[in-house]
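Notes to accompany the following structure.
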């Protein structure tokens with residue numbers, strides 16, 4: 001704004017505002033410095049991506065435009081809207097969170113109005129002028145903020161689409177056995193991963209996640225450096241540098257009762273591919289259990305490994321009619337859980353030791369597996385665990401005896 005801009009308005013009703021803008025222009029540099037100090041103090045780490053000099057220059061340009069608009073009694077023009085939209089795109093490219101950017105605009109306009117309020121327009125005779133000026137400042141705040149947010153959203157959508165495209169290529173490479181390829185390492189770096197670091201995957205059913213929920217999960221996960229992709233019937237989340245509870249919490253934040261499988265923490269891109277396999281296999285166990293359960297491959301690795309092969313293994317692990325008699329399976333499991341002690345097993349089941357012996361013998365008679373041997377006990381326990389996740393197998397035939 002120049003002195004000629006100020007002198008160009010001849011409406012006597014508006015002369016106090018013209019004089020006010022001239023006075024505010026005199027304190028231009030100190031005001032810009034003060035506002036930028038306040039804004040950057042809100043989150044110094046986030047604003048580290050925005051050079052201080054550039055920040056002051058962009059705000060100074062907007063402040064001059066505002067003063068010019070106040071003198072001319074007009075809303076932002078097309079050029080000023082375009083500059084605000086371009087600034088929004090730049091801030092998105094610099095990675096500044098949208099909520100910080102919006103808060104900065106609100107803070108700067110609030111500080112501007114505080115300067116206005118302290119300059120003598122609060123006298124009763126000036127009330128109409130003050131009301132009109134307040135409406136005009138509010139119009140500027142709305143128009144400029146909307147333009148900045150629109151520009152930010154354009155770039156954010158574009159960056160999100162690029163990230164999704166890279167993420168799809170990255171997962172395709174891991175699934176197809178190309179973890180060691182040079183281009184896979186380049187994709188990992190483009191996604192913010194260290195190819196030589198440790199990775200952990202978590203998978204959940206895609207059918208339980210609406211598009212809105214997936215988008216929300218992506219936003220939360222991106223803040224933590226994680227990748228979220230929908231692949232067929234599964235949502236795959238690949239993380240790096242997050243403690244296991246935080247990996248699970250990512251999903252819990254978007255689904256109060258997540259059903260999921262969590263892979264092992266593994267090193268390198270080959271490890272990332274293996275962790276995804278871990279997570280998918282653990283998910284197959286979780287989906288055949290009660291809903292809302294996170295199954296960890298680290299604790300359910302044997303069942304998670306065997307479950308996808310249950311059809312092939314059925315001839316080896318089919319307990320026949322014995323599985324429908326749950327008291328027999330409970331005796332086998334108690335026997336394994338209590339140091340192969342008949343007495344301890346009986347105490348746990350609240351029955352007589354002879355009853356436990358009878359049930360173990362009955363189980364052996366019906367299955368052909370002796371639970372007192374390693375092979376027989378392994379087959380017995382696996383068949384029981386698999387049947388628990390296939391309710392139709394264990395559907396209740398009448399129980400015989402005790």
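Throughout, read-outs are computed from the coordinates displayed, never taken from laboratory work. Note that the structure is predicted; figures quoted are calculated from it, not measured. FYI the Cβ positions are ideal-geometry reconstructions off the backbone, even for glycines, and counts take in every protein chain you see.
Some points to look at:
- GNM result for the chain, Cα springs below 10 Å: residue of 114, 206, 92 fluctuating most strongly: 114
- Calculated from the structure at hand, P(r) over Cα pairs in 20 Å bins from 0, in percent is found among (1) 23, 54, 21, 2, 0; (2) 21, 32, 24, 15, 8, 0; (3) 28, 56, 14, 1, 0 as (2).
- Across region 196-308, C-alpha contacts under 8 Å between residues 6 or more apart give a mean separation that, scaled by the residue count, equals a relative contact order of 31 percent.
- The chain - share of DSSP beta bridges that are antiparallel (%, nearest 5): 85
- Shape of region 196-308, Cα gyration tensor, a/c cut at 1.5: oblate
- Potential lengthening between residue 352 and residue 13 on full extension [0.36 nm per residue; Cα-Cα distance subtracted]: 111.9 nm
- Sorting 203, 21, 146 from the fewest to the most surrounding beta carbons within 10 angstrom yields 146, 21, 203.
- In this simple spin-label model, placing a label point 7 Å from the Cα along the Cα-to-Cβ direction at both residue 206 and residue 267 gives a separation of 3.3 nm.
- Net length gained if the chain between residue 318 and residue 337 were fully extended (0.36 nm per residue, minus Cα distance): 4.7 nm
- If the chain linking residue 219 and residue 54 were pulled fully straight, counting 0.36 nm for each residue of separation and taking away their Cα-Cα distance, it would gain 56.7 nm.
- Cβ-based exposure ranking for 386, 283, in which fewest neighbours within 10 Å come first: 386, 283
- Label zone at residue 146 (point 7 Å along Cα-to-Cβ), backbone N below 14 Å, region 79-106: 81-82, 85
- Principal-axis tilt of helix 28-41 within the chain, Cα atoms, nearest 10 degrees: 10
- FRET efficiency, 1/(1 + (r/R0)^6) with R0 51 Å, evaluated for residue 298 and residue 74 via beta carbons: 0.20
- Efficiency of FRET between residue 309 and residue 378 - r from beta-carbon atoms, R0 22 angstrom, step 0.05: 0.90
- Between region 27-54 and region 66-114, the alpha-carbon center distance in angstrom: 14
- Distance from the C-alpha centroid of region 168-214 to that of region 238-313: 15 Å, rounded to the whole angstrom.
- Length-normalised contact order for the chain - Cα pairs under 8 Å, 6+ apart - percent: 10
- Calculated [θ] (222 nm, deg cm²/dmol) that DSSP helices of n ≥ 4 give over the chain, each run adding -39,500 (n - 2.57): -21000 deg cm²/dmol
- Residues considered: 243, 315, 258. Largest GNM mean-square fluctuation over the chain, using C-alpha springs under 10 Å, is found at 315.
- With an a/c value of 1.5 or above and a/b larger than b/c for the gyration tensor axes a ≥ b ≥ c computed over the alpha-carbon atoms, region 48-201 is described as prolate.
- Neighbour-count order for 110, 218, 359, fewest beta carbons within 10 angstrom listed first: 110, 218, 359
- Rounded tilt (10° steps) of 374-388 against the dominant C-alpha axis of the chain: 50
- Axis of helix 15-26 versus longest Cα principal axis of the chain: the two differ by about 70°, to the nearest ten degrees.
- Given R0 = 56 Å, the distance between the Cβ atoms of residue 160 and residue 28 translates into a calculated FRET efficiency of 0.90.
- Sequence-distant contacts, meaning Cα pairs under 8 Å at least 6 residues apart, place the relative contact order of region 90-210 at 23 percent.
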